[in-house]
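Visitor: Below is the structure I would like to discuss, written out as structure tokens.
The values are calculated or read from the model by the stated rules, or taken from the named source; none is laboratory data. Quantities reported herein were computed from a predicted structural model and do not represent experimental measurements. Don't worry about glycine lacking a Cβ; one is built from the backbone with ideal geometry, like all the others, and counts go over all protein chains shown. Please note that ligands, DNA and RNA were not included when accessible areas were found on the heavy atoms of the full protein model with its side chains. Shrake-Rupley method; radii C 1.70, N 1.55, O 1.52, S 1.80 Å.
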Amino acid sequence: MLQDAFGRRFSYLRLSITDVCNFRCNYCLPDGYECDTDRNFLSLDEIKQTAKAFAQLGTEKIRITGGEPSLRKDLPQIIQACKQTHGIKTVALTSNGYKLEEQLPLWLDAGLDALNISIDSFDPRQFQAITGSSKLDTILSGIDNALNAGFKNIKINTVLMREHNAHDLQSFFEYVKDKPISLRFIELMQTGDNKEFYQQQHVSGQHIKNQLLVNGWLPKIRSKNAGPAQVFTNPDYQGTIGLIMPYEKGFCDTCNRLRISALGKLHLCLFSEEGLSIREYLQHDDVTDVKAALVSLLGNKKATHYLHEGFTGATKHLSMLGG
């Protein structure tokens, strides 16, 4: 299994398949997507080789991310390829939900196990102000369709922002009252392009954690392949509430995930200084060289992301790597 110098084991791969996004979220791409790469994204064959190499090194979960991954027409084939890779137990997808209602059946037929949808407000006007999209009703309808089809492994990601949603937390709690959905509040993170916005809008998740504990919510034990969320349950709610607090002390101690960008670069951290290319090793059926490169490059992983010191690395915006 992939293991770094600090004894952390990595069983979870976040695989970006595009950095293109059709939303203009104010915390990520307020001016919309701007093409600043060659857009020569990983091919299906290269993705298969990536999944194979990681699986042989102990990876059990792959999360497909973007940008917005549903903008790739071959997304169902990518899901299927990851799912059919020996050793991969879980294939998850993070999406803005724009094509959820239309494409969910294709994703499920391909073998999708888990789905994360980004929703930063349940107020249509506020949602549009944040994302530049008027599709909230369609996205919520898609989630209802998934639940009605018996698909239960659904999460909603909500980026906390002082002026845009932190004052309306009750609507989020009400949404999971009678829905078996895990809603996770994510602290806004500073990136290369959003320093001023971060300073204006950052809200700590600690006060939400205190509120949960006071109101009878109990922490849930974290599985080895889980993401970084602290999850809380309440017997009066069908859903759960999660908190992702990257500025909390010790956040990186349980890191279990690595990232591959849509251009075939290994990112040892969301905020690493640079991506390390492995693409040249993906052109052959034999993944021995890919595996050797991954093991060697992992030796460069740092103990922490240094976000608390204002370090953002090469991450200009979150659509570069899918968070």
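Visitor: Within the range 170-223, how many residues turn out to be in a loop (DSSP other than H, G, I, E, B), among the β-branched types (V, I, T) and without any contact (Cβ under 8 Å) to a residue 40 or more places away in the chain?
Guide: 1
Residues checked against (1) part of a loop (DSSP other than H, G, I, E, B); (2) open to solvent by 10 Å² or more (accessible area, probe 1.4 Å); (3) over 23 Å from K224 (Cβ atoms); (4) not basic (K, R):
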{"site": "G67", "(1), (2), (3), (4)": "yes, yes, yes, yes"}
{"site": "I78", "(1), (2), (3), (4)": "no, no, yes, yes"}
{"site": "I88", "(1), (2), (3), (4)": "yes, yes, no, yes"}
{"site": "L93", "(1), (2), (3), (4)": "no, no, no, yes"}
{"site": "G97", "(1), (2), (3), (4)": "yes, no, yes, yes"}
{"site": "L106", "(1), (2), (3), (4)": "no, yes, yes, yes"}
{"site": "D109", "(1), (2), (3), (4)": "no, yes, yes, yes"}
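Visitor: Also, quick follow-up: Out of the residues in the range 146-169 that are over 24 Å from G32 (Cβ atoms) and part of a loop (DSSP other than H, G, I, E, B), which is most open to solvent (accessible area, probe 1.4 Å)?
Guide: Result: K152.
Visitor: For D31, work out the one condition from (1) in contact (Cβ under 8 Å) with a residue 24 or more places away in the chain; (2) surrounded by fewer than 20 Cβ atoms within 10 Å (Cβ to Cβ) it doesn't fulfil.
Guide: (1)
Visitor: Restricting attention to the range 238-255, report how many residues are assigned to a loop (DSSP other than H, G, I, E, B) and surrounded by fewer than 20 Cβ atoms within 10 Å (Cβ to Cβ).
Guide: 7
Visitor: While we're here: Within the range 123-140, count every residue that is touching a residue at least 40 places away in the same chain (Cβ under 8 Å), within 16 Å of H164 (Cα to Cα), touching a Ser or Thr at 6+ places or on another chain (Cβ under 9 Å) and open to solvent by less than 40 Å² (accessible area, probe 1.4 Å).
Guide: The total comes to 2.
Visitor: Condition check: on the phi < 0 side of the Ramachandran plot and modelled with pLDDT of 85 or more. Does K302 satisfy that?
Guide: Yes, satisfied.
Visitor: Look through V287, V231 and report the one residue that is closer than 23 Å to T90 by Cα, open to solvent by 30 Å² or more (accessible area, probe 1.4 Å) and either of a type in the set (A, V, I, L, M, F, W, C) or modelled with pLDDT under 85 (or both).
Guide: Answer to the selection: V231.
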